[in-house]
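Everything below concerns the one structure shown next.
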Amino acid sequence: MHVISNLYDGGAEGALYRLCLHSPDFKHVVVCMMDEGKYGPMLEAAGVKVHCLGMPQGKPTWQGVLNFWRLLRGLRPDVVQTWMYHADLMGGVLARLRGVRKIFWGIRHGNLTPGTVKDSTIKVAKLCSRLSTWIPSRIVSCSQQAMESHTAIGYDNSRMTVIPNGYELSRYAPDAFARGRLRAEWGLPEETFLLGMVARFNAQKDHANLFSALQQLKQRGTAFHCVLVGTGMEAGNANLQVLLEKYRVTDVVSLLGRRDDVPDVMNALDLHVLSSLGEAFPNVLAEAMACGTPCVTTNVGDAAYIVDDTGWVVPPQDSAALADALLQAKVIWETLPDVWSSRRGASRKRIVENFSIQRMAVAYAAIWNS
């Protein structure tokens, strides 16, 4: 039984979906504290039963708790795997009270910086830290950095293990046809140096840092275009429009909103950018690299480990360093095509060798069977 806070479009939700599909030796049931979201119908279509408790976001209800207790009693799961803090707390405590012996928590946050994470989330995480010596058999972190930061706030380090995210490498792969199709759709010729960032509009993603770097590129006379994909990356987002106008980059940025063809988007880009001030294991880097698209990223979570020597890593909240890295990448793309081609191949190879969904599924199976 997997217990998760929501099934919307996010990294934990996607990892859960991929894991259910690629560990066929287990019968999976998913319990979502909210509604079916994006991944609920997809899981059902794949033969995974989904139960929704219908709770408001961040606000457990007595009826929801009672329904979950009834599911535990009726389904009698051998293993309960929880995802994210609220699910760790509710799922873990009730499963332990119900007598489930194998309970595994999931940590997906890289940090808990006030102002970028809800106060209620921080409180739940700190409560979980106090319960971490009693509730979970093991605590699975998606990144080394997240494990270290949670140990620092009191999580039981002796129970923690790192299992990096894994990806469907047949889906995320180089695709010249998809590249050409999307560039034609966007009215961008092949000779345009195309940057992109796939991320929802959220304080942790630090879009202001990206826009400041793009402004600096414009001031240097660099020709480029940037597409932004994700929830909230739309013209109707007033806060986003304020940032675009503040940094005067409206003319070089296209807002594409949330899309379901992210592998195609990654192929259309020449370079993927991540400007975040906090992450755990940023999926978008691995997804871009699997498509042969090099990355520039801030040094957050396990970003540097993912990228290794295939891309560029800069300090967070340093737009000058970010702009410099973007310019360095463009110079290579423009003047050294063979070097750029090698970098593309190395990006793909890095993900294939280290972050396949098969490796992730084997690692989870090992702890569930322990």
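Structural remarks
- Sole residue being among the small types (Gly, Ala, Ser), farther than 23 Å from Ala366 by Cβ, surrounded by fewer than 18 Cβ atoms within 10 Å (Cβ to Cβ) and free of Cβ contacts under 8 Å to residues at least 60 places away in the same chain, chosen from Gly47, Gly64: Gly47
- When the stretch 274-296 is filtered for residues that are closer than 18 Å to Gly345 by Cα and either touching a strand residue (DSSP E or B) at 6+ places or on another chain (Cβ under 8 Å) or modelled with pLDDT under 95 (or both), the ones remaining, listed by number, are Val284, Leu285, Ala286, Glu287, Ala288, Met289, Ala290, Thr293, Pro294, Cys295, Val296.
Residue by residue, here is whether (1) outside the structural domain of Ala280 (by TED's automatic domain parsing); (2) in contact with a strand residue (DSSP E or B) (Cβ under 6 Å, 6 or more places away or on another chain); (3) in contact (Cβ under 8 Å) with a residue 40 or more places away in the chain; (4) closer than 16 Å to Ala12 by Cβ holds:
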residue	(1), (2), (3), (4)
Trp83	yes, yes, yes, yes
Met90	yes, no, yes, yes
Leu97	yes, no, no, no
Gly106	yes, yes, yes, yes
His109	yes, no, yes, yes
Thr121	yes, no, yes, yes
Lys126	yes, no, no, no
Arg130	yes, no, no, no
Ser141	yes, yes, yes, yes
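- When Ser212 is tested against (1) over 19 Å from the mean Cα position of the chain (by Cα); (2) in a loop (DSSP other than H, G, I, E, B); (3) in contact (Cβ under 8 Å) with a residue 60 or more places away in the chain; (4) more than 22 Å from Ser341 (Cβ to Cβ), only condition (2) is not met.
- Members of the stretch 240-254 found to be under 10 Å from Cys226 (Cβ atoms) and outside any helix (DSSP H, G or I), listed by number: Val249, Val253, Ser254
- Residues in the stretch 138-172 that are surrounded by 18 or more Cβ atoms within 10 Å (Cβ to Cβ) and small (Gly, Ala, Ser): Ser141, Ser143, Ala146, Ser149, Gly166.
- Looking only at the stretch 100-118, and only at residues there that are part of a loop (DSSP other than H, G, I, E, B) and of a type in the set (D, E, K, R), the one that is surrounded by the most Cβ atoms within 10 Å (Cβ to Cβ): Arg108
The values are calculated or read from the model by the stated rules, or taken from the named source; none is laboratory data. Everything numeric in this text was worked out from a predicted model, so none of it was measured. Positions of Cβ are backbone-derived with ideal geometry, glycine not excepted, and every protein chain shown enters the neighbour counts.
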